[in-house]
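**Q** Have a look at this one before I ask anything.
What follows is calculated from the coordinates using simple rules that are stated; it is not laboratory data. The structure displayed is predicted, hence computed values, not measured ones. Backbone-built Cβ (ideal geometry, glycine too); neighbour counts: all protein chains shown.
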Amino acid sequence: MTEETPGFEEKPDVPSGADDATPKAAEPDSAKESGAAAPAGDIQDAGLLAQLDQVRTALGERTADLQRLQAEYQNYRRRVERDRVSVKEIAVANLLTELLPVLDDIGRARDHDELVGGFKSVAESLEAVTVKLGLQPFGTEGEPFDPTIHEALMHSYAPDVTETTCVAILQPGYRFGERTIRPARVAVAEPQPGGKTKSAEEQAESADDKENGGPDQG
């Protein structure tokens with residue numbers, strides 16, 4: 001007879017490799033847990049990227065709004081400055097226009113040698129102020145007639161002109177900057193109808209002949 005040790009039971013033989021079966025059965029659960037955690041992280045990253053794109057879009061829109069407002073402000077400043085200069089020029093031009101009759105009286109007094117004493121000093125000071133403000137007289141005898149700056153009050157013919165010419169300045173014109181505030185009032189002369197005028201070359205030849213003592217001399 002075989003004696004059996006109390007409290008111990010004989011275990012059946014377990015095939016080789018059976019001990020590894022139980023741990024391997026637990027691996028699918030851990031794999032499932034790790035696989036479930038990875039998609040959650042990806043979803044979180046995707047949410048952050050979406051929020052970042054929204055922030056970037058909002059920042060771009062605000063930057064564009066700021067640039068547009070800045071451009072509008074610069075245009076507004078330039079427009080205000082331009083209007084301010086224009087209003088100032090109009091005010092000065094209106095003032096100078098009101099002074100033109102006084103300047104005409106001063107000019108007539110000077111032509112008749114009546115600009116003497118204290119009146120002369122005041123007149124010269126007034127003329128200096130108008131020049132400082134930008135008033136410029138124009139109109140000289142002998143210049144070509146220009147209907148944009150001249151006003152013809154008298155008309156005649158002359159054999160010694162080749163084009164319509166201002167032969168007398170009856171009243172000087174005035175300009176302020178590039179604005180003509182009064183045209184020059186002039187007497188004009190035109191070439192004699194049917195008359196022959198010398199060309200520039202003929203006039204030059206005549207001048208040379210006079211200097212050389214006449215043609216065919218030597």
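**Q** According to a simple spin-label model (label point 7 Å from Cα along Cα-to-Cβ), what is the distance in nm between Arg179 and Tyr76?
**A** Roughly 2.7 nm, to one decimal.
**Q** Also, quick follow-up: On a C-alpha basis, how far is the centre of region 40-72 from the centre of region 92-111 in Å? Whole number, if you could?
**A** 68
**Q** Ala158's amide H: which non-local residues (gap 5+, or another chain) put their own amide H closer than 5 Å, with H modeled 1.01 Å from N in plane and none for Pro or chain starts?
**A** Glu190, Gln192
**Q** Return the long-range amide H neighbours of Leu170 (sequence gap of 5 or more, or a different chain), with a cut-off of under 5 Å between placed amide H atoms.
**A** Amide H to amide H, under 5 Å and 5 or more residues apart or across chains, Leu170 pairs with Arg185, Val186, Ala187.
**Q** Also, I was wondering about something else. Apply the Karplus curve 6.51 cos²θ - 1.76 cosθ + 1.60, θ = phi - 60°, to the phi angles in region 112-123 and return the couplings in whole Hz, x for Gly and Pro.
**A** Each residue of region 112-123 in turn: 9, 6, 9, 8, 9, x, x, 4, 5, 5, 5, 5 Hz.
**Q** Return the loop-located GluC sites (Glu not before Pro) in region 124-163 (DSSP other than H, G, I, E, B) with at most 12 other Cβ atoms within 10 Å of their own Cβ; answer none if there are none.
**A** When the GluC sites (Glu not before Pro) of region 124-163 are filtered for loop state and at most 12 Cβ neighbours within 10 Å, Glu141, Glu163 remain.
**Q** Working from the pairwise distances between different alpha carbons, so that the mean of 1/r is found and then inverted, what is region 113-157's Kirkwood radius in Å? Can you show the working numbers first?
**A** Values: mean 1/r = 0.0736 Å⁻¹.
Hydrodynamic radius (Kirkwood, Cα pairs) of region 113-157 is 13.6 Å.
**Q** What FRET efficiency do you get for Val116 and Thr162 if R0 is 41 Å and r is their Cβ-Cβ distance, rounded to the nearest 0.05?
**A** The calculated FRET efficiency here is 0.45.
**Q** Further, regarding this structure: Can you list the HN-Hα couplings for region 71-85, worked out from phi with the Karplus curve (6.51, -1.76, 1.60; θ = phi - 60°), rounded to whole Hz and with x for Gly and Pro?
**A** Per-residue couplings from phi come out as 5, 5, 5, 4, 4, 5, 5, 5, 5, 5, 5, 5, 5, 5, 5 Hz.
**Q** Over all alpha-carbon pairs in region 66-142, figure out the percentage whose distance exceeds 21 Å.
**A** 51
**Q** Further, regarding this structure: Would you please give the residues with an amide H less than 5 Å from that of Arg182, counting only those at least 5 places away or on a separate chain, with H modeled from the backbone geometry?
**A** Excluding prolines and chain starts, which carry no amide H, the hits are Tyr174.
**Q** On the first, second and third principal axes, largest extent first, how far apart are the outermost C-alpha atoms of region 45-188 in Å?
**A** Here the Cα extents, ordered largest to smallest, are 98, 46, 16 Å.
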